[in-house]
Amino acid sequence: PIAARSFCAGLALLLPGCSARLYEQAADRQVYGLIQGYEQHVFGRTNAFTVATAFSGRDPATVLPAEILGDRTATNHRVINLEEALELAIANSREYQSQKEQLYLTALTLTGAQHEFSPQFFANTTGRITGSPDGPDIGTLNSQVGVSQLLRTGGRLSVALANDLLRYFTSLPAGRSRDSAVSLISVNLSQPLLRGFGRNDPRVEALTQAERNVVYAVRSFSQYQRQFAVDVVSAYFGLLRQKDAVRNNYANYLRRVDATEYLEARSVDRASRSQVDDARSAELTARITYVNSVAAYLTAISAFKLRLGLPQTEDLYVEDADLRDLAGTGLLAVEISRNAAFALAVEGHMDILNAIDRFEDSQRRVRLTRDALRPGLLLTSSMVLESEPPTDYTNFDLDQLRYSAGLSLDLPLDRLRERNTYRASLVSFESQIRSLGQTLDSFRAQIDEGLRSLEQERLNYLSRQDALEVANRRVENNTLLFEAGRVPIRDLREAQDNLVQAQNDLTFSLVTYLRVRLDL
C-alpha cells in the first residue's frame, strides 16, 4: 500500500484519478478510525460503519439519470416480516443514509482541526531573471524546505532550510564572481505568555470543540438509530393494524350481504320491503367503509415503502404472524417509578448527555472571551545559521550563528469588541442554563406522560378485550333472535357495528401500547 500510494503521488499530474482515489481512501480510513475510536470511548464498544453505497467508488460522471430512473422503476414482489423490514430500512432508507453521512462529515471536520496541530511540511522554489539595459542580467533560484508545528501551548515552532542561488549572465567587473550560492538554516518560535496561552488559544479551543462535536454526533447517531428502529417497528405494526381493520371491515360487509340476501328471501311473505331496503342501505355503508379502509391501507403501504427506501413500483406485503405473536405476548409490563426512570434517562439518554456537555461548552466560551480582555505578551525567538559565502552552501560556520529573542506587549487599551463578546458570552451562558433546565424538565414530563399513557393503554386494552367478548355475544344472540323474527334488522346491524368497532379498537389499543412502550 505504501508503494502504491507513493507511485500514485508521483504520477498525480499525469494520473489525477489515481491521486483523487488515494485521497478518498485516506480520508475514509482516518474518519472511520476516528468514529470507531469515539464509539469505543463513549459506549465501550464499536460497530462497523461506512457511508459507502452502490454508487460509491464510481466516477460521478458515469452515473446518469437514466440509471437512477431505471432503479426507481424496478419491479419486485416482497413478503416481509418485522426483522426483514428493519434490515431493508437500514440498507435502503435515504434518511438513515443522510444521518450516517452527517456523522461522517463531522468526523471529517475533526481531521482538519487535528491536522492544524500536526507537523506541516512545506517546500517551494522560485526562479527569476532580472536585468536592465545598462546592467548585468541576473538569474536567481530561491528554494525552501521546512516544517512548522502548532503547539498546544498556543505557540508555533518552525524549522526551514533555504537555498539562494545567483548567477550573472553578462560580463562583470574584475573581481566579481559570476555565481553565488548561500544556504540558511532558520529556527523560529513564537509563544503567547498571557492572552491566548494554552487552552485559551482560539486554535486549541477549535480543536477541543471539534473533538466534542464528534462525541455529540456519535451520541446523536446512536439515539437516531434507536428512534429510527422505533419508528419502523411502529409503522410496521401500524400497517398490520390497518390490514386487520380491512379484514374486519370485509367480514362485516359479508355479514351485511348475508343479512340482505336473507331478508330478500323472506320478503316474499314475511319481511317488509322497508326492512330489505334498510339492510341494503347498511350493506352499502359497510361496503364504503371497506373500500375506504383498503384505500387507506394502500396509501400506508406507499408511505412505508418511502420510509424503507424501496421503489414505489415494488409490490410489498407484510406478514400477519408478527401481529398474532404480539397479541399472544400480550402487554409487557414496565415496572419502574417516575424517579428511577428519570435517573436512567439522565445517565444514558444521548440527548440529555449532549445537553449537559453543551452547557460545559458555554462555560468554556466564557473563559475564552474573558481571557481576550487580558494584555497580550508574545515571546519570539529565532536562530539563523548561514553557509560560508560566496558559493559554498554545504558548510556552515557555527561562529556565524545569529540568534534573537524578544517580548512584545499589547496593552488592553481598546477592548470594546472583546468586551461586547465577553458580555454576549455571559448572556449566552445564562441562556444555556435555562436550556439545560428545560431539557431536563421536558424529559421528566415526557417520562411521566409515557408512564401514564402506558397504564392508560393497558387499562384500555383490558376493557376492550371485555368489550370484544360482549360484542361477540351480542352478535350471536341477535343473529338467533333475528332469524327467529324476534328483533328487527336494526338491532342486528348495531350489534355487528359494535363487533367490528371492538375488533378494530382492540388491535389499535395493542399497537398503541407497543408504540408508547417503545417510546418510553
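The values are calculated or read from the model by the stated rules, or taken from the named source; none is laboratory data. This is a predicted model, so every value here is computed, not measured. Note that we place each Cβ from the backbone using ideal geometry, even for glycine, and neighbour counts take in every protein chain shown. With ligands, DNA and RNA removed, areas are computed over all heavy atoms of the protein, side chains included. Shrake-Rupley method; radii C 1.70, N 1.55, O 1.52, S 1.80 Å.
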Could you please let me know if Ser56 is exposed (fewer than 14 other Cβ atoms within 10 Å of the Cβ), of a type in the set (Gly, Ala, Ser) and either in contact with an Asp or Glu (Cβ under 6 Å, 6 or more places away or on another chain) or over 16 Å from Gln225 (Cα atoms) (or both)?
-> yes
Only one of Ala445, Ala502 that is without any contact (Cβ under 8 Å) to a residue 40 or more places away in the chain, within 27 Å of Asp231 (Cβ to Cβ), out of contact with any Gly (no Cβ under 6 Å at 6 or more places or on another chain) and open to solvent by less than 70 Å² (accessible area, probe 1.4 Å) | Ala445
Tell me, yes or no, whether the stretch 405-426 has at least one residue that is open to solvent by 90 Å² or more (accessible area, probe 1.4 Å) and closer than 21 Å to Leu157 by Cβ.
-> yes
Residue list for the stretch 235-283, restricted to those being of a type in the set (Val, Ile, Thr) and either touching a Pro at 6+ places or on another chain (Cβ under 6 Å) or open to solvent by less than 50 Å² (accessible area, probe 1.4 Å) (or both) | Val246, Val257, Thr260, Val276
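Every residue, every condition in (1) part of a loop (DSSP other than H, G, I, E, B); (2) surrounded by 13 or more Cβ atoms within 10 Å (Cβ to Cβ), yes or no:
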{"site": "Pro136", "(1), (2)": "yes, yes"}
{"site": "Leu141", "(1), (2)": "no, yes"}
{"site": "Arg152", "(1), (2)": "yes, no"}
{"site": "Asp164", "(1), (2)": "no, yes"}
Tell me, yes or no, whether the stretch 35-56 has at least one residue that is in contact (Cβ under 8 Å) with a residue 60 or more places away in the chain, in contact with a Leu (Cβ under 7 Å, 6 or more places away or on another chain) and under 17 Å from Gln102 (Cα atoms).
-> yes
Would you check if there is a residue in the stretch 508-515 being crowded, with 19+ Cβ neighbours inside 10 Å and small (Gly, Ala, Ser)?
-> yes
Residues of the stretch 461-520 satisfying the condition of being among the aromatic types (Phe, Trp, Tyr) and either at pLDDT 95 or above or more than 17 Å from Gln275 (Cβ to Cβ) (or both) = Tyr461, Phe508, Tyr513
Determine, yes or no, whether Ser428 is of a type in the set (Ser, Thr, Tyr) and assigned to a helix (DSSP H, G or I).
-> yes
Checking Ala26 against (1) small (Gly, Ala, Ser); (2) loosely packed, with under 10 Cβ neighbours inside 10 Å; (3) modelled with pLDDT of 85 or more, which test does it fail?
-> (2)
